[in-house]
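Every read-out reported here was derived from the displayed coordinates using simple, explicitly stated rules and does not represent laboratory data. This one's a predicted model, so the numbers in the text were calculated from it and none came from an experiment. Every residue, glycine among them, receives a Cβ derived from its backbone with ideal geometry; neighbour counts consider all protein chains shown.
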Amino acid sequence: MKKQEVKNILMSMRTQENDILINKLLGKIDMMDEKAFQRALEEVGNNEEKVRSFFESKLSKGQYNQSEKKFPINEMFTYGISTNCIHLHLPGDLHQMLAEKGISTTMDIVNFQLLDAIDKIKQLRDSGFYRFQGKDSIYMISPILIRREMKFLESMDFQTQLYSKKELNDDEFVEEHPEARLATQIFGKNRNIGIASIKFKTISSKEWQNKKNQKVKEFLGKGLSVQDNSSISRE
């Protein structure tokens, strides 16, 4: 493939959100001499599908990194913005809570806070909060999404995927799975990574709201509570 063909693929992926990233990648391509360009192309795969998959991974990673400025949504969760979804960031360190409360209570607290965070995001989105307009889903990727947590997410209609350390150390597997590639770029290859997403269409359904309300009653029945965080950033 020629440089212009590769650049055309990249330009076809341009959106308002990734415009800066696209321009940076185009600039890198322009700066490569032909020998370096062909060598890179061989590593990626010299066809449109491979090139497009490579750029998807680069753009996903770049957008995730751009989202590192996190905004509080409740006392435990923060969020960032991506192209068409809201990245909900799970707590980074649960070791102290696990030591004090045990795994069952800790997971209940995390899940209760998660439902509260989803409620707050939905309310802001429904009220026209500008950051959430045009976003169609909530997305999470984290080493903290252990199997027990994934089971809860699946019960709440999240689409989930778990990548093991063994899979993430298999270069051929990673090459064939863009989300696995994103996981290794963010977290490396030596941790199990969980991915979960849910559409706002699902969250807004009467069936899902009834399911959520039932879970909330269960958590309240265990004596849990969610302290409202009134300092949500609306910048």
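Structure summary
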| item | result |
| --- | --- |
| From phi via Karplus (6.51, -1.76, 1.60), per-residue ³J(HN,Hα) for region 121-134 in Hz, x at Gly/Pro | 4, 4, 4, 5, 5, 5, 8, x, 3, 4, 5, 9, 6, x |
| Per-residue Cβ neighbour rank within 10 angstrom, fewest leading, Y139, Y79 | Y139, Y79 |
| For region 177-183, 3J(HN,Hα) per residue [Karplus equation, 6.51 cos²θ - 1.76 cosθ + 1.60, θ = phi - 60°, Hz, x = Gly/Pro] | 10, x, 5, 5, 5, 4, 4 |
| MRE, 222 nm, helices only [DSSP H, n ≥ 4, -39500 (n - 2.57), over the chain, to nearest 500] | -17500 deg cm²/dmol |
| Cα-centred dipole magnitude for the chain, charges only on beta-carbon of K, R (+1) and D, E (-1), debye, nearest 20 | 440 debye |
| Distribution of pairwise C-alpha distances over the chain, 10 Å bins, in % | 7, 28, 32, 21, 10, 3, 0 |
| Efficiency of FRET from Cβ geometry, D33 and S164, R₀ 45 Å, rounded to 0.05 | 0.70 |
| Among I195, A180, F132 the positive-end extreme of the charge dipole of region 69-228 (Cβ point charges) | F132 |
| Of M150, V216, I81, farthest towards positive along the dipole that unit charges on Lys, Arg, Asp, Glu beta carbons give region 69-228 | V216 |
| J(HN,Hα) series, region 184-193, from Karplus relation 6.51 cos²θ - 1.76 cosθ + 1.60, nearest Hz, glycine and proline x | 5, 5, 8, 10, x, 9, 9, 9, 6, 10 |
| Nearest-0.05 FRET efficiency for A40 and V216, computed from C-beta distance (R0 41 Å) | 0.20 |
| Label-point gap, in nm, between I103 and S205 - each point 7 angstrom along Cα→Cβ | 3.1 nm |
| Region 86-235: relative contact order in percent, alpha carbon pairs under 8 Å with at least 6 residues between | 29 percent |
| Amide H within-cut-off set for I86, under 5 Å, with H built and near neighbours excluded | S137, I138, Y139 |
| Under 5 Å, built H, 5+ apart or other chain: amide partners of E75 | N229 |
| Of K7/K50; K151/K215; K3/K35; K7/K58; K50/K166; K135/K199, those spanning more than 18 Å from alpha-carbon to alpha-carbon | K50/K166 |
| At R0 = 25 Å, FRET efficiency that the Cβ-Cβ distance of K3 and N84 yields, to 0.05 | 0.30 |
| Rg(Cα)/(2.2 N^0.38 Å) for region 148-221, N = residue count | 1.40 |
